[in-house]
Amino acid sequence: MKTIILGSFLMLAAGGNWMTDFVKAREKAHDEKKLILLNFSGSDWCGPCIKMKREIFESTAFEAFAGENLVLVRADFPRLKKNQLEKTQKEENEALAEKYNPQGRFPLTLLLDDTGRVIHEWDGYSTQTPEAFIKSIKSASGK
């Protein structure tokens, strides 16, 4: 029982189940009939990105909703040397940015179907509450 509780706590502490492999995320979305929420973030330099992660994406309400309805993907672009990603991850994030964020907007959050087609986008920090953000996802997806 202690192991289950500790595992659940560690998942919540890590901020949900954000993936970094977009190909695997699309496969998972297809298999589970879910939409993809792709977030472009500068985790160590972008104040609005950090605030959005902390206030929306790490909220209990969002994590519960996302677990049931979304496949979460984060394309991170850290600047500090100590936070740099491995070369392959950096290249994958850059390829995602070329396709979905060529203007380099941060934060940028996209709702995609399992084929990678953009359904809706949120440009910049969302000043909505987590519940209002969830409602906007539901509205955009027609659910």
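A single entry from Ala61, Ala95 fulfils the requirement of being of a type in the set (A, V, I, L, M, F, W, C), modelled with pLDDT of 95 or more, assigned to a helix (DSSP H, G or I) and under 17 Å from Ile134 (Cβ atoms): Ala61. Annotation: Lys143 fulfils all but one of (1) surrounded by fewer than 16 Cβ atoms within 10 Å (Cβ to Cβ); (2) assigned to a loop (DSSP other than H, G, I, E, B); (3) in contact with a Pro (Cβ under 9 Å, 6 or more places away or on another chain); the unmet one is (3).
State the number of residues belonging to region 64-78 that are touching a residue at least 24 places away in the same chain (Cβ under 8 Å) and either part of a strand (DSSP E or B) or of a type in the set (Asp, Glu) (or both). Total satisfying the criteria: 7. Is there a residue being over 11 Å from the mean Cα position of the chain (by Cα) and either of a type in the set (Asp, Glu) or modelled with pLDDT of 95 or more (or both) anywhere in region 4-19? Within region 4-19 (the criterion being over 11 Å from the mean Cα position of the chain (by Cα) and either of a type in the set (Asp, Glu) or modelled with pLDDT of 95 or more (or both)), the answer is no, since none of the residues qualifies.
When restricted to residues that are surrounded by 15 or more Cβ atoms within 10 Å (Cβ to Cβ) and among the basic types (Lys, Arg), region 18-58 contains 4. Scanning region 83-102 finds no residues that are in contact with an Asp or Glu (Cβ under 6 Å, 6 or more places away or on another chain), surrounded by 15 or more Cβ atoms within 10 Å (Cβ to Cβ) and over 13 Å from Phe22 (Cβ atoms). Entry remark, region 40-49: residues being closer than 24 Å to Ala95 by Cβ and either under 11 Å from the mean Cα position of the chain (by Cα) or in a helix (DSSP H, G or I) (or both) number 4 in total.
Within region 108-127, residues that are part of a loop (DSSP other than H, G, I, E, B) have Cβ atoms under 9 Å from residues that are at pLDDT below 95 in these pairs: Asp113/Ser141, counting only partners at least 6 apart in sequence or on another chain.
The values are calculated or read from the model by the stated rules, or taken from the named source; none is laboratory data. Everything numeric in this text was worked out from a predicted model, so none of it was measured. So basically every Cβ, Gly included, is an ideal-geometry build from the backbone, and we count neighbours across all protein chains shown.
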